[in-house]
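These notes concern the structure reproduced below.
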Amino acid sequence: MEEIDRLFKRLYENNISGKINDSRFEKLSVDYENEQAELPESIIAEILTHASKSRTA
């Protein structure tokens, strides 16, 4: 998650400085927000997978 936060901050800075336009900023920020929202779900799934493997071993 820290990496996504760092990327989002850089994206914001690039938008403010004019390196990327507003529409590109909006698209990329939505992508980063979606990725960040999905991240906890994938972590939980990975934990459950490992726990299940541990029980069968």
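Observations on the model:
- Nearest-ten-degree value, helix 22-56 long axis tilted from longest Cα axis of the chain: 10
- Gyration tensor (alpha-carbon) shape descriptor, the chain, a/c threshold 1.5: prolate
- Probing with 1.4 Å while keeping every protein chain in the model, the per residue accessible area of the chain equals 85 Å².
- For K19, the accessible area of its heavy atoms, probed at 1.4 Å with every protein chain present, is near 150 square angstrom.
- Partner lysines whose Cα lies under 22 Å from the Cα of K19, excluding those fewer than 8 positions away in the same chain, are identified as K9, K27.
- Neighbour net charge for V30 - beta-carbon separation under 15 angstrom, K R +1, D E -1: -4
- Given charges at beta-carbon only (K, R positive; D, E negative), |dipole| of the chain in Debye: 180
- Here's the picture: a label point sits 7 Å out from the Cα of R10 along the beta-carbon direction, and within the range 16-57 the residues with their amide nitrogen under 20 Å of it are 16-37, 39.
- Surface composition of the chain: carbon plus sulfur atoms contribute 53% of the solvent-accessible area (1.4 Å probe, protein chains only, all chains present).
The values are calculated or read from the model by the stated rules, or taken from the named source; none is laboratory data. Just so it is clear, the structure is predicted and the values come from calculations on it, not from any experiment. Note: ideal-geometry Cβ built from the backbone for every residue, glycine included; neighbour counts use all protein chains shown. Note: accessible area is taken over every heavy atom of the protein model, side chains too, but ligands, DNA and RNA are not part of it. Shrake-Rupley method; radii C 1.70, N 1.55, O 1.52, S 1.80 Å.
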